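Note sheet for the following structure.
The values are calculated or read from the model by the stated rules, or taken from the named source; none is laboratory data. Because the structure is a prediction, the values reported are computed rather than measured. Backbone-built Cβ (ideal geometry, glycine too); neighbour counts: all protein chains shown.
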Amino acid sequence: MNATTNSKEIALRFLQAFWDGEPARGIERCAEDAQWTFQKSLRSPRYASVPDAIDWLNSALVSEFDPDSGYSVEVHNAIGEGEEAAVEYTARGKTRRGEVYENNYLVRFTVRDGRIVSVRPYFDTHYVHQRLTALQPVTEE
């Protein structure tokens with residue numbers, strides 16, 4: 001990887017596309033077989049392709065933000081070393097129910113040959129369940 005395609009920059013561009021509501025722009029930074037790993041407590045599929053994960057996130061969680069105010073993101077730290085990158089940020093917004101949402105996130109990425117191959121987010125899933133939606137458990141096959 002060179003200075004223009006380092007793992008940190010690729011990870012930040014991917015997240016910015018998601019935050020901007022332009023998932024295709026982020027997905028094009030991923031390998032075809034890139035995998036998203038969800039936390040067990042999220043009541044989501046445990047593993048998903050990146051396009052499927054983004055679809056699930058948008059329909060199950062992002063859609064729960066008030067459409068008139070949306071949400072904002074403040075990046076605190078972003079690091080990259082070799083194939084690994086990590087981005088720490090806080091997302092804030094107002095839910096459709098009028099509740100304040102503020103949650104801290106750390107997302108780990110693995111980047112190979114300039115493409116994201118793995119996305120692993122960490123955050124307070126209990127808080128997500130309380131504020132964004134009453135998710136039903138997913139039955140794993």
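The set of residues from the stretch 85-106 being hydrophobic (A, V, I, L, M, F, W, C) and surrounded by 14 or more Cβ atoms within 10 Å (Cβ to Cβ) comprises Ala85, Ala86, Val87, Ala91, Leu106.
If you go through the stretch 40-79 and pick out every residue that is among the charged types (D, E, K, R), out of contact with any Ser or Thr (no Cβ under 9 Å at 6 or more places or on another chain) and under 19 Å from Phe14 (Cβ atoms), you end up with 2.
For Ala53, state whether it is modelled with pLDDT under 95, of a type in the set (Gly, Ala, Ser) and in contact with a strand residue (DSSP E or B) (Cβ under 9 Å, 6 or more places away or on another chain). Judged against the criteria, Ala53 is a match.
Quick one: in the stretch 88-126, which of the residues that are part of a strand (DSSP E or B) and charged (D, E, K, R) is farthest from Glu64 (Cα to Cα)? Here the answer is Arg112. All conditions in (1) within 16 Å of Phe14 (Cβ to Cβ); (2) exposed (fewer than 13 other Cβ atoms within 10 Å of the Cβ); (3) small (Gly, Ala, Ser) hold for Gly82, with the sole exception of (1).
Can you pull out every residue in the stretch 29-70 that is among the charged types (D, E, K, R) and surrounded by 12 or more Cβ atoms within 10 Å (Cβ to Cβ)? The answer is Arg29, Arg43, Arg46, Asp52, Asp55, Glu64, Asp66. Of note, Glu88 satisfies the criterion of being within 12 Å of the chain's Cα centre (by Cα) and without any contact (Cβ under 8 Å) to a residue 24 or more places away in the chain. Please specify each residue of the stretch 4-15 satisfying the condition of being modelled with pLDDT of 95 or more and among the polar types (S, T, N, Q). Once the filter is applied, which keeps residues that are modelled with pLDDT of 95 or more and among the polar types (S, T, N, Q), the stretch 4-15 yields only Ser7. Close contacts from the stretch 99-119, counting a first residue that is farther than 12 Å from Arg29 by Cβ and modelled with pLDDT of 95 or more and a second that is among the hydroxyl-bearing types (Ser, Thr, Tyr) and outside any strand (DSSP E or B), with Cβ to Cβ under 6 Å and a gap of 6+ residues or different chains, come to none at all. The test for being in contact with a Gly (Cβ under 9 Å, 6 or more places away or on another chain) and of a type in the set (Asp, Glu) holds for Asp66.
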